[in-house]
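Encoded as structure tokens, the structure appears first; notes follow it.
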There are 4 protein chains.
Amino acid sequence: MSGNRFGKIFSLTTFGESHGTAIGGIIEGCPAGLVLDLEQIQLELDRRRPGQSKLTTQRKESDQVQFLSGIFEGKTTGTPIGFLIPNQDQKSKDYNHIKETYRPSHADYVYQAKYGHRDYRGGGRSSARETACRVVAGAIAEQLLAKEGVEVYAFVQQVGKEQLKKPYQALDLSQTFSNAVRCPDAEAASRFTAAIEKAKKQGDTLGGVIQAVVRACPAGWGEPVFDKLHADLAKAMLSINAVKGFEYGSGFQAAEMKGSEHNDEFYKEDGKVKTKSNFSGGIQGGISNGEDIYFRIAFKPVATLMRDQKSINQAGEAVEVKGKGRHDPCVLPRAVPIVRAMTALVLADHFLRSKSNTL
Amino acid sequence: MSGNRFGKIFSLTTFGESHGTAIGGIIEGCPAGLVLDLEQIQLELDRRRPGQSKLTTQRKESDQVQFLSGIFEGKTTGTPIGFLIPNQDQKSKDYNHIKETYRPSHADYVYQAKYGHRDYRGGGRSSARETACRVVAGAIAEQLLAKEGVEVYAFVQQVGKEQLKKPYQALDLSQTFSNAVRCPDAEAASRFTAAIEKAKKQGDTLGGVIQAVVRACPAGWGEPVFDKLHADLAKAMLSINAVKGFEYGSGFQAAEMKGSEHNDEFYKEDGKVKTKSNFSGGIQGGISNGEDIYFRIAFKPVATLMRDQKSINQAGEAVEVKGKGRHDPCVLPRAVPIVRAMTALVLADHFLRSKSNTL
Amino acid sequence: MSGNRFGKIFSLTTFGESHGTAIGGIIEGCPAGLVLDLEQIQLELDRRRPGQSKLTTQRKESDQVQFLSGIFEGKTTGTPIGFLIPNQDQKSKDYNHIKETYRPSHADYVYQAKYGHRDYRGGGRSSARETACRVVAGAIAEQLLAKEGVEVYAFVQQVGKEQLKKPYQALDLSQTFSNAVRCPDAEAASRFTAAIEKAKKQGDTLGGVIQAVVRACPAGWGEPVFDKLHADLAKAMLSINAVKGFEYGSGFQAAEMKGSEHNDEFYKEDGKVKTKSNFSGGIQGGISNGEDIYFRIAFKPVATLMRDQKSINQAGEAVEVKGKGRHDPCVLPRAVPIVRAMTALVLADHFLRSKSNTL
Amino acid sequence: MSGNRFGKIFSLTTFGESHGTAIGGIIEGCPAGLVLDLEQIQLELDRRRPGQSKLTTQRKESDQVQFLSGIFEGKTTGTPIGFLIPNQDQKSKDYNHIKETYRPSHADYVYQAKYGHRDYRGGGRSSARETACRVVAGAIAEQLLAKEGVEVYAFVQQVGKEQLKKPYQALDLSQTFSNAVRCPDAEAASRFTAAIEKAKKQGDTLGGVIQAVVRACPAGWGEPVFDKLHADLAKAMLSINAVKGFEYGSGFQAAEMKGSEHNDEFYKEDGKVKTKSNFSGGIQGGISNGEDIYFRIAFKPVATLMRDQKSINQAGEAVEVKGKGRHDPCVLPRAVPIVRAMTALVLADHFLRSKSNTL
């Protein structure tokens, strides 16, 4: 039973390999009557697109989304939204050298173990190219959420050992896309950029941390028990290529705190229930409480290096994986729109799920 | 659309409130013909049971599971396994004082916001009492996995600021339940115990970290894209009460590493593909690669304190929440069997899902 | 992957065998705040209960439903409603004689073929006893629907070769339960009763037809493509034991009609869109149009006879199945509440699903 | 929550409107390693294609399927199979005259009632054009089933009042596609053809009945309780446009039979359990028993006529619907491959589901 669908009511199903004809997907459950800003959707895709700056892979993809259904006279019809993103720069020959090789920390070996047969070109289905489809669906989810007043932000908070230590409240999150590294703080952005450029020169790669923030989420979204809002966010984030960890609110820091420090005190202001601190990260018992939702996501360094590496092939023979191919020295900048998209998908789904909570 | 079901093929659906007649669940998809060790299931439940030691709540529950269906002549029949755990020590009067109060960092307010009406007794559905059902199902999943040779471990690695710094490879994980604090290292266990006892005396509570380890998981479990094995594990863990973070393999540490340090080199030994390091945490591209799967889960400190706290009630009036009620000063020891259970549920489901991967 | 759950938002998952400790289920997705009439639920169960009249099996079951969760102070809480119906008259010894026998037109053989092991007592999971759980959930669904003004009826329209030929519009459907055979027309009811009594004397059994009618269903329920309202009704009906066929609106008769006869002409009256005829059966394109929804369900004669029959056992040897055991000579009267329940489950689910159709 | 997905393990999700850019779908869960005969898939599509003969609509569509993913070097990879069928003959202007009209017995009104906004061109999502996607997926499912030896047949058994009375056992089902009306009996085929031509001349339309037969299905497919094999077949069939009824095995005829007539006697021959009669239609307790599975599906006459009809528009005003547009006078011939496809989808899904029945 495959896992190509995300979401219960607002859902996305994707298909497509890195070097096939096209990737694409089907968005189901978007309510009828939503006026879509198609340029905004393309803008989000452009933010994820390869080849945007020196910091990213030089693969050339225009990543123009084509909508095939579900939209009529500029509005959603309530029927499924089918869409395509053609693969242009397929250069399959690039990959013949790894046809039978298991690249270190890639999915080559596990696909072979699982399926006995695989599309080895560019990692096939395991390529992060698939995430372009998530950005399309997420951009629509964001437009649905915007009508509820909900705002979704994400930005790069750490690259390698370089960190942005200011709390998100001290940042102007609307400035995130003002630089190539997608950090709203200029000083940190320049440190991140330098770190990436240095790693690139060394033929090496870096990981990092993205922080996401959701503002103005109404209280009451999320479900008790298994589909807690943060559990679905965790799954969403960990489903993104290269993600190794997730924490929300106080996160791992909570392990060191005492209850008397950690509890968030309730008060009422302007007719609204609020909390004085927000270690809960805007979610209590799996349900949004109206405060900011915030969480952090750890990314590992990219596995494709510009250095030669030892490995084995399908026959189990020792081989050398040559340091070539086009890749990002650090995926964090391009991952920011993906994190936003997945966040929006989770929230849009729980928004619609909440519609039958009460009579 | 509620979220009381976990798993696609091997699935658990639970019901029940902290102070209702009973809690229980339905396990679907367990293959027919599995000889069940019912005593082992009860043993796992006993490990989660309240009132086991001075470190845990004094609520009295014998937590005897009653199986109602799906088992015949000692073996599973392939039909759903219905089960009950009666609530004995319901003491509903204990909770009249919080009937209209929103306890800090509990789910009282969000349930009210979501449903407009709630069973306030002991937190109702938001109580961790529901996790007893997960332990029942997880214990059956473990017995299914054992037939495949898969072993699931979990232990307390950190309590408050006290940490166990040895790598799991240096521990005898079979000793985890030899002490009340569920740590296989005697020295760390005594530090953890002391820390919990100290917090308890102060009327305060502690959080911590649990590490889980899965040994001998075959390569090929987990699905590409959304239902990556680690994404489902993350969701499973974050669905446990009080969990704030999840990381697998190198986790948040990966953010600081270079690709050349982080990549796991493949080699072949005794006809088996292995990796020299295991920063991947036994999962690549969302699919198990045959190495140990390991991950860490952060727990916040328990929200119920033996101290008075400020809060508001449903009317928005300032109230004082009195420091009483029965609770755990630290949930980590009792959470160990829950972590194991949820891990086993994810793995059993993906084991069965993998059965239709190939012709 | 098992099939013990019905419904997407308003859902029922059941467990239990004919001769286990209890049967029961979990109802998810019922909105919070519904005031439940528990006596009405028990009344529906009583209508399905064995031993009600000479026309039904003499198995003794009080079929008292016990609610375990999800209801607080008389209202639903939005959390899952767990319930039990204990099995009282288990008489397992009755079934030792069929332990290894495949009874004709029962599920004994197929369960053995599928699972390699089965609870043979009373048919185990294949027994229609499971449908009592559906009646409980259906009765709650009906109370939810009643708040929307929707009315669900079902009655016996045919027993063996005896038919009730009046159209449903000519009947007072509220009189259905005024007789043991569950037919609102007294004359037909007496023919049906006589037919059943005659078959019983002969040690034989009869089938028949039930008609269901839904009044005041709003336009707009049901989903395009696969989850058409009538497709979900068909599945619901065919999932009931002994059902062999389903037709809605004009049904099989439509095959013989011309388009010019069959099309339903629209008109507007009192601000409401209506159709002059209703061959569509209240559903067009899979979506309710506001007219009466009506459909017919064919039941085969009960497979358990009071006559000896030839068969084989697990070893493949010829055996004689003795004509004994307790059974219904005709299931139609007891199936009426089951048909209503399944109809209500489908409608309640589609009502809740429709809540996210539009902005 | 929309209903564009069919199947649990082997699943199809479709998108597309009659007059959009393209229709298409995503097939998930097809095991890796299946060598696909792409010409056979196109052949099945050609059998459903409009404009094949004088008996069908003159809409021109080449219906060339384009596979976009999930197939590599001629074999399935286990990843989702995305595919497109471009809409060529879109002639949207044809439909401006019905932009605000509710055509009798079409879905125009209910879509408006449900969504408040609709793609009125050619019926939009409610058009049977969507079923082309089912034929693609069904053709792949058939190739999977063929490896298990399972054969799926369907043929026209009735057109209007003309019937084929021979039992299917007396027919050579391989001859079904030897004529335009898709009936393996030449004499009946000529009667059917004459009836359709007569109705066409009258500007009228006809319904009919299709029978499907599955041979060599192994015992043990199908799930107890809700996902009975015949319940899923019923849903599959009723989800096809214009279908009004479904019966399997003895069907509605069972209502008139006695148990002593209807029971199928077991015997063993050549090491295989068989039944002497097959009123069960190859399914007992919802699970296949190894005998032929057969069922009948009733279709209503096409709602689009070449005659003027009275109706209303969105404003509620009386209008006349002109008898024009391209349509089929009888959908039965083109529905045969759709019925086969949906049958294959149900069986392929239950085949894969059965893989985890036992240890």
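The values are calculated or read from the model by the stated rules, or taken from the named source; none is laboratory data. Just so we're clear, the structure is a prediction, and the values are computed from it rather than from any experiment. Don't worry about glycine lacking a Cβ; one is built from the backbone with ideal geometry, like all the others, and counts go over all protein chains shown. With ligands, DNA and RNA removed, areas are computed over all heavy atoms of the protein, side chains included. Shrake-Rupley method; radii C 1.70, N 1.55, O 1.52, S 1.80 Å.
Using the Cβ atoms and a cut-off under 10 Å, what net charge is assigned to the surroundings of C:R215, where Lys and Arg are +1 and Asp and Glu are -1? Mind dumping the intermediate values first?
Values: positive: none; negative: C:E151, C:E291, C:D292.
Counting the neighbours of C:R215, the net charge comes to -3.
State the percentage of accessible surface on the stretch B:240-359 attributable to carbon and sulfur atoms; use a 1.4 Å probe and exclude ligands, DNA and RNA.
Working: 1660 of 3700 Å².
Whole-percent figure for carbon plus sulfur exposure: 45.
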- Largest first, how would D:R121, A:R125 line up by accessible area (1.4 Å probe)? D:R121, A:R125
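To the nearest 20 Debye, how big is the dipole of the protein assembly as shown about its Cα centre, given +1 on the beta carbon of each Lys and Arg and -1 on that of each Asp and Glu? Numbers along the way, then the final one.
On the way: 192 positive and 164 negative charges, 0 e Å.
Dipole magnitude for the protein assembly as shown comes out near 0 debye.
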- For A:E269 and C:T358, what does the FRET efficiency come to when R0 = 41 Å and r is the distance between their Cβ atoms, rounded to the nearest 0.05? 0.75
- What whole number of Å gives the distance from the Cα centroid of the stretch D:115-153 to the Cα centroid of the stretch A:302-359? 33
- May I ask you to list the trypsin sites (Lys or Arg not before Pro) in the stretch D:1-64 that are in a DSSP loop and have at most 15 other Cβ atoms within 10 Å of their Cβ? D:K54, D:K60
- Query: Label-to-label distances across copies for D:Y267, with labels 7 Å out along Cα→Cβ, in nm, shortest first?
  - Reply: 6.2, 6.7, 8.8
- Rounded to the nearest 10 Å², what accessible area does C:S127 show when all protein chains are kept and the probe is 1.4 Å? 20
- Query: Along the positive direction of the dipole of the stretch A:100-157 (beta-carbon charges: Lys, Arg +1; Asp, Glu -1; about the Cα centre), which of A:S105, A:A154, A:Y115 reaches farthest?
  - Reply: A:Y115
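Rounded to the nearest angstrom and ordered from largest down, what semi-axes does the equivalent ellipsoid of the protein assembly as shown get from its C-alpha gyration tensor (root of 5λ)? Show your work: numbers first, answer last.
Details: eigenvalues 492, 291, 193 Å².
Working from the Cα gyration tensor, I get semi-axes of 50, 38, 31 Å.
Whole number in Å², please: accessible area per residue of the stretch B:65-163, 1.4 Å probe, ligands, DNA and RNA not counted. Can you show the working numbers first?
Numbers: 3000 Å² over 99 residues.
Accessible area per residue: 30 Å².
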- Farthest toward positive dipole pole in the stretch B:5-355 [+1 Lys/Arg, -1 Asp/Glu at C-beta], among B:L332, B:L55, B:C183: B:L55
- Message: With a cap of 10 neighbouring Cβ atoms within 10 Å, and only residues DSSP puts in a loop, list the GluC sites (Glu not before Pro) found in the stretch D:22-76.
- Response: D:E73
- For chain C, the Cα convex hull volume per residue in Å³ comes to 157
- Query: Where nothing but the Cβ of Lys and Arg (+1) and of Asp and Glu (-1) is charged, how large is the charge dipole of chain B around its Cα centre, in debye to the nearest 20?
  - Reply: 1020
- Task: Taking each label point as 7 Å beyond Cα in the direction of the beta carbon, state the distances from D:K60 to the same residue in the other copies, shortest first, in nm.
- Result: 3.7, 7.9, 8.7
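For the stretch A:60-148, which whole percent of the accessible surface, found with a 1.4 angstrom probe, sits on carbon and sulfur atoms?
Numbers: 1210 of 2770 Å².
Answer for the stretch A:60-148 is 44 percent, counting heavy atoms of protein chains only.
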- Given unit charges at Cβ for Lys, Arg (+) and Asp, Glu (-), the dipole magnitude of the stretch A:1-82 about its Cα centre in debye, nearest 20, is 300
- Item | Farthest positive-ward along the stretch A:5-355 dipole, Cα basis, beta-carbon charges - from A:A32, A:S11, A:G282 | A:S11
- Task: Can you tell me the FRET efficiency between D:E148 and C:A216 if r is taken as the Cβ-Cβ distance and R0 is 41 Å, rounded to the nearest 0.05?
- Result: 0.30
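Using only helices, what value at 222 nm comes out for chain B when you add -39,500 (n - 2.57) per DSSP H run of length 4 or more and divide by the total residues, to the nearest 500 deg cm²/dmol?
Numbers: 7 runs with 88 residues, N = 359.
Helix-only estimate at 222 nm: -7500 deg cm²/dmol.
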- Using Cα positions and a limit of under 14 Å, work out the aspartates and glutamates in reach of A:K198, with same-chain residues fewer than 8 apart set aside. A:E162, A:D328
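Could you rank A:R182, D:R215 by how accessible they are, 1.4 Å probe, largest area first?
Numbers: A:R182 20, D:R215 65 Å².
Accessible-area ranking of A:R182, D:R215, largest first: D:R215, A:R182.
First select every other residue whose beta carbon is under 12 angstrom from the beta carbon of D:K165; then total the charges, Lys and Arg +1, Asp and Glu -1. Don't jump to the answer; show the numbers that get you there.
Details: positive: D:K166, D:R191; negative: D:E162, D:D185, D:E187.
Spelling it out: positives minus negatives among the neighbours equals -1.
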- Task: Using DSSP to define loop residues, name the GluC sites (Glu not before Pro) in the stretch D:176-285 whose beta-carbon has at most 12 other beta-carbon atoms within 10 Å.
- Result: none
- Task: At 1.4 Å probe size, with no ligands or nucleic acids counted, give the accessible surface of A:C30 in Å², nearest ten.
- Result: 10
- Copy-to-copy label separations for D:Q175, where each label sits 7 Å from Cα toward Cβ, in nm and ascending: 5.4, 8.1, 8.2
- Quick one: what are the phi-derived ³J(HN,Hα) couplings along the stretch A:260-266, Karplus 6.51/-1.76/1.60 with θ = phi - 60°, whole Hz, x for glycine and proline? 5, 8, 8, 4, 9, 6, 7
